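K.L.:
Structure incoming, see below.
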Amino acid sequence: MNFTAPVIDWIALLPILIVLGAGALGVLLEALIRVPATRRTLQVALSAIALVAALASVIALSVTIDGPGVDAVSRMVSIDRQSLLWQGILLVLALLSLLLFADRTRTRETAFTPLASASPGSVDEALARRKGLELTEVFPLALLSLGGMMLFVATTELVLLFVALEMFSLPLYIIVAIARRRRLLAQEAAVKYFLLGAFASAVFLFGVALVYGALVRTGFAEISLMAAVIGSRDELVLVGFVFVLVGLLFKLGAVPFHQWTPDVYEGAPTPVTAFMAALVKGAAAAALLRVWFGFMYRLELELDWIVWAVAIATMLLGSIVALRQTSIKRMLAYSSIGHAGFILVALAGPGDLALSSVAFYVIAYGLATLGAFAVVTQVRERTEDGSLGAEAWRLGQWAGLGKRSPLLAAAMALFLLSFAGIPLTAGFIGKFVVFGAAVADGGWPLVLIAVIASAIAAFFYVRLIVLMYFTDAPDDVENAVAVEPTRGASVVVAVTAVATLVLGVVPSWVLSLTQDAAVLVVSRL
Amino acid sequence: MPLLTILVALPALGGLLLLTVPGLRARAREFALGVTVLELAGVVALLVGFDLSAAGDIQFAETYAWIPQIGASWALGVNGIGLSLIVLAAVLTPLVLVAGWKLPDEPARAARYVGLILVSQAFMVGIFAARDVLLFYVLFEAMLIPLYFLIGSFGGEQRRYAAVKFLIYSLAGGLIMLVAVVALYFVGPGGEQAFLIDSLTGLELAPVTERLLFVAFFIAFAIKAPMVPVHTWLPTVAENARAGTTALLVAVLDKIGTFGMITLCLVLFPNASRWAAPVVVGFAVLSVIYGALLAIGQDNMLRLVSFTSVSHFGIMILGIFAFQQTSVEGAALYMFNHGLSTAGLFLLVGFLIERHGTPSVTAYGGLQKAVPVLAGTFLIVGLSALSLPGLSPFVSEIMVLVGAWSAVPVAVIISVLGVVLAALYILLMYQKLFTGPTPEAMAGTAELSLRERVAIWPLIALMLLLGFVPALAIQYLTEPVAAVLAIAQGVGA
């Protein structure tokens, strides 16, 4: 067997390499620097520099690369305008997430446990807390995960797609588990996520194997070319494709592969929840687009109805079940399931419209999501000794927030309106372009259902606004809520709120970005 | 000079300043009144600059690219119909502010109230001037936000419930319309100005498509208008919101429904409009009678007045869907006149509630002797609502009924019954409130103050003026209505 060394375009891979390199360096820092405070400073600085440098190189690349883009690794990674756009989106959202990860309260308390190995409530844990230990692995782990996602959105080969999927998933399983408060809930969430995620990965891998067995090909371009040769109903290929879809839909959090979402979103430390809800969902959507319009769409396998069914079920279930939630994090989790459904609606449309509309939708949704979870980190319970307690998740505790913290409540209301797709917010434009994409190819029944789901969803978004503005604050001790703004979260809330408004009022500059990037390069042979 | 954009931006900016700058709170009412007076001056400039000989054409047109990628433009412009409603909004807003001057709010709350009123005014002007369907839709939906907070934050016990009910109804209608708006892009010519009303006029749509689109738009407008059977949000809102809020809502904002029917439904989907006309007229007549009957049965004055509006909106919609020059003209005129008369009624009811704290008719009695000026004012405004000759609503109602006669005689005959019922519910209310012996509790009622007179009497003056010289208003409406009907009656009429 001959081994041919892959041809690698290192420059085109620069953004990914920077992020992964910084992640590796961060792991080294963990081992070498003993003083927690110094280590933390270094890790945050390293992550920030890496993200900015990667973003700068993405911008530089997108200026220089045009036309079909660059084949970065032997037809396995395509650095084109589409993948650069997604890498840019991921990096911007990651920069905002970093602010949440690094955020600390006045008493220097982060969202993460000081000593993950200590069992919850143990003496070790109390000791670690008193000694001011800090868990800083979360920064390199998040960078490694991000690097995996950046590869995930650029790859054009099924095996590498799987590798990238695992690359970004494994660090997530860890950082889900390390919440500072309600640790058992977090650990349970991590185990659930890991087990279900491993299962979904296995299904995905099985699908890849089946496709390989049938076609002896794993590259998108080659599979696409096989279209002419294979029959439209080759069972092996069909089952393989469906399994691949299942793996991606799991990461997207689409029904019926959504069961992990509420538990994991609730249990994970809120910055991690924000990171997952915004970035992982975005990356999954991007990869799904590439797979769908890259080759599945072309083979007349009639997989359309699966996507339609999943989209309808996702939108309706996400919206309806969210109505019944009493925890803000679970409500936002179900809302994010609903949004996965809205993203899927675009798949009913023609390729170029779907690509540009999903990118815009993810930007709008990602900004509002980060903002909303940033607000969640700010609304805390008050402990008996008057210090800040855990986050106040029960919806009842949010009553009267509009009076107590008008700016925070106004920002939250704005994010909710954007989720609901009310005009003059980014969410409306997102919904509009996604619906437009679907209608363009005759998907109006899907859009009609999407609209019904939006109306249902609007109900629970509005319910929270009612609570914040029109309900008096609870005055019993049990429900006492404290808001002490922290720097990082405040910046995130401000930036995302402004961006949500700006993208709602003058979205054309971002729309032209996403439209320019709506070119899928697959047929590079 | 982009006068219309300025007229949209001025109250929007003023409102946002009031909502965000704490320094303005101490003088919030004065500031807001200043802004609305400035706005009124701008609208007068609009009125002066309007070329009456071309009232049917779009004037003061502005078109800027807004979101060219999806074919949306910032396109404003008015013909006579849009202009008349902008005038109505500009006249009523300062009066509502004056009427609500003494509401017992702490400064921060007062600033929020008037700030939200100003923001709503910006939306009203924008909607009546919008020449782009997407812009219209965006403003139509976004307007719900200030209204939602106006209803939910200020008013009676059940205001939260009312606000949510209002929002759910409006949002449901709006989202159905959204599907049609999205679809319009693809059935239209496309391109960077795809959503201009001009680009979308005269499309040769397949009948089924056109009908579906029409129905989607019409449902949204019928909810807004409000029309039986989707009117139930209005009494709830009227009962619980502040009288000033309701006055603006019913007098101006609900006109967006009928305005949309004339300028969008009839123009964009002429064949479907004619196809649907019999059903629409049926529901319109139902609204006329049902609204009037329910009004008679109400004890709560706010609910009563809101049901009279349901009845009156029925007459407007009857006029519009009769497709006759006189009837549509009458409907357009009625939109203006009904605004004057119903706003007056709501404000007066608000004054009574401020005095005695209850909207229940039976709690009052014999006020005529205690407060003759208030009684007289109430009587005149009430008579305008029952369309007494000499007051402006009479002219419009007659135009609708006479105009529609040739097209839908049966509907007209039944609707005339509604006019008779109007006399009943207004006079019964007046009788219970003002006549008879004066109970102990009513004797000390305060007379209409100077401020309150300033808020109401301009409306009466306008109603008298337009009652005797209706041509002043009609001349603005004849040509635009003719233009709409030329399209609506199109081929095969």
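K.L.:
Please specify each residue of the range A:431-451 satisfying the condition of being more than 7 Å from every other protein chain (Cβ to nearest Cβ), assigned to a helix (DSSP H, G or I) and touching a residue at least 60 places away in the same chain (Cβ under 8 Å).
P.N.:
Answer for the range A:431-451, where residues must be more than 7 Å from every other protein chain (Cβ to nearest Cβ), assigned to a helix (DSSP H, G or I) and touching a residue at least 60 places away in the same chain (Cβ under 8 Å): A:Lys431, A:Val434, A:Ala437, A:Ala438, A:Leu446, A:Ile449, A:Ala450.
K.L.:
Given the conditions (1) touching a Phe, Trp or Tyr at 6+ places or on another chain (Cβ under 9 Å); (2) at pLDDT 90 or above; (3) within 14 Å of another protein chain (Cβ to nearest Cβ), which single one is not true for A:Phe460?
P.N.:
Evaluating A:Phe460 over (1) touching a Phe, Trp or Tyr at 6+ places or on another chain (Cβ under 9 Å); (2) at pLDDT 90 or above; (3) within 14 Å of another protein chain (Cβ to nearest Cβ) leaves (2) as the failure.
K.L.:
Follow-up question, since we're still on this one. Do we have any residue at all in the range B:207-214 that's hydroxyl-bearing (Ser, Thr, Tyr) and under 29 Å from B:Ala90 (Cα atoms)?
P.N.:
Scanning the range B:207-214 turns up no residue that is hydroxyl-bearing (Ser, Thr, Tyr) and under 29 Å from B:Ala90 (Cα atoms).
K.L.:
If I filter the range B:169-191 for residues that are within 14 Å of chain A (Cβ to nearest Cβ), in a loop (DSSP other than H, G, I, E, B) and either within 18 Å of the chain's Cα centre (by Cα) or at pLDDT 90 or above (or both), do I get at least one hit?
P.N.:
The answer is no; no qualifying residue exists.
K.L.:
Condition first: surrounded by fewer than 20 Cβ atoms within 10 Å (Cβ to Cβ), of a type in the set (Ser, Thr, Tyr), within 11 Å of another protein chain (Cβ to nearest Cβ) and in a helix (DSSP H, G or I). Can you find one or more residues in the range B:135-144 that meet it?
P.N.:
Checking the range B:135-144: not a single residue is surrounded by fewer than 20 Cβ atoms within 10 Å (Cβ to Cβ), of a type in the set (Ser, Thr, Tyr), within 11 Å of another protein chain (Cβ to nearest Cβ) and in a helix (DSSP H, G or I).
K.L.:
Return yes when A:Pro485 is at the interface with chain B (Cβ under 10 Å from one of its Cβ atoms), not in a helix (DSSP H, G or I) and not acidic (Asp, Glu) and no when it is not.
P.N.:
No: the conditions fail for A:Pro485.
K.L.:
Would you pick out the residues in the range B:43-102 that are part of a strand (DSSP E or B) and within 14 Å of chain A (Cβ to nearest Cβ)?
P.N.:
B:Tyr64, B:Ala65, B:Trp66, B:Ile67, B:Ala72, B:Ser73, B:Trp74
K.L.:
How many residues are assigned to a loop (DSSP other than H, G, I, E, B) and at negative phi when one looks only at the range A:104-136?
P.N.:
So the count comes out to 21.
K.L.:
Further, regarding this structure: Which of the numbered conditions does A:Phe428 fail, given that it passes all the others? Conditions: (1) surrounded by fewer than 23 Cβ atoms within 10 Å (Cβ to Cβ); (2) closer than 13 Å to B:Leu171 by Cβ; (3) facing another protein chain (nearest Cβ under 9 Å).
P.N.:
Result: A:Phe428 fails condition (1) only.
K.L.:
Can you say whether A:Ala455 is buried (at least 24 other Cβ atoms within 10 Å of the Cβ), at the interface with chain B (Cβ under 9 Å from one of its Cβ atoms), assigned to a helix (DSSP H, G or I) and not basic (Lys, Arg), as far as the supplied structure shows?
P.N.:
Criteria not met by A:Ala455.
Residues are listed down the side, and each one gets a yes or a no for (1) over 21 Å from A:Val466 (Cβ atoms); (2) of a type in the set (Phe, Trp, Tyr); (3) modelled with pLDDT of 95 or more; (4) outside any loop (DSSP other than H, G, I, E, B):
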{"position": "A:Ala346", "(1), (2), (3), (4)": "yes, no, no, yes"}
{"position": "A:Ser356", "(1), (2), (3), (4)": "yes, no, no, yes"}
{"position": "A:Ala359", "(1), (2), (3), (4)": "yes, no, yes, yes"}
{"position": "A:Leu367", "(1), (2), (3), (4)": "yes, no, yes, yes"}
{"position": "A:Ala372", "(1), (2), (3), (4)": "no, no, yes, yes"}
{"position": "A:Arg380", "(1), (2), (3), (4)": "yes, no, no, yes"}
{"position": "A:Asp385", "(1), (2), (3), (4)": "yes, no, no, no"}
{"position": "A:Gly389", "(1), (2), (3), (4)": "yes, no, no, yes"}
{"position": "A:Gly396", "(1), (2), (3), (4)": "no, no, no, yes"}
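K.L.:
Restricting to the range B:393-434, count the residues that are of a type in the set (Gly, Ala, Ser), at pLDDT 90 or above and in a helix (DSSP H, G or I).
P.N.:
Looking only at that region, the number is 5.
K.L.:
Turning to a different aspect of this structure: Please work out which one of (1) charged (D, E, K, R); (2) assigned to a helix (DSSP H, G or I); (3) surrounded by fewer than 20 Cβ atoms within 10 Å (Cβ to Cβ) is the condition B:Glu210 fails and give its number.
P.N.:
Tallying (1) charged (D, E, K, R); (2) assigned to a helix (DSSP H, G or I); (3) surrounded by fewer than 20 Cβ atoms within 10 Å (Cβ to Cβ), B:Glu210 fails exactly one: (3).
K.L.:
If I ask for residues that are over 15 Å from A:Glu266 (Cα atoms) and of a type outside the set (Gly, Ala, Ser), which ones from the range A:381-398 would you list?
P.N.:
Filtering the range A:381-398 for residues over 15 Å from A:Glu266 (Cα atoms) gives A:381-389, A:396-398.
Scanning the range A:381-398 gives A:Glu381, A:Arg382, A:Thr383, A:Glu384, A:Asp385, A:Leu388, A:Gln397, A:Trp398.
K.L.:
Additional query: Just one of A:Leu210, A:Leu205 is among the aliphatic types (A, V, I, L, M), buried (at least 19 other Cβ atoms within 10 Å of the Cβ) and over 29 Å from A:Glu391 (Cβ atoms); which is it?
P.N.:
Numbers: A:Leu205 fails: buried (at least 19 other Cβ atoms within 10 Å of the Cβ).
When all the criteria are applied, what remains is A:Leu210.
K.L.:
I'd like the full set of residues that are closer than 16 Å to A:His339 by Cα and either buried (at least 24 other Cβ atoms within 10 Å of the Cβ) or without any contact (Cβ under 8 Å) to a residue 60 or more places away in the chain (or both), limited to the range A:259-280.
P.N.:
A:Thr261, A:Tyr265, A:Thr273, A:Ala274, A:Phe275, A:Met276, A:Ala277, A:Ala278, A:Leu279
K.L.:
Same structure again: Given the structure, is A:Gly402 modelled with pLDDT under 90 and within 14 Å of another protein chain (Cβ to nearest Cβ)?
P.N.:
For A:Gly402, the condition - modelled with pLDDT under 90 and within 14 Å of another protein chain (Cβ to nearest Cβ) - is met.
The values are calculated or read from the model by the stated rules, or taken from the named source; none is laboratory data. Owing to the predicted nature of the structure, the values given are computational and were not obtained by experimental measurement. For neighbour counting, all protein chains shown are included, and Cβ atoms are generated from backbone atoms with ideal geometry for every residue, glycine included.
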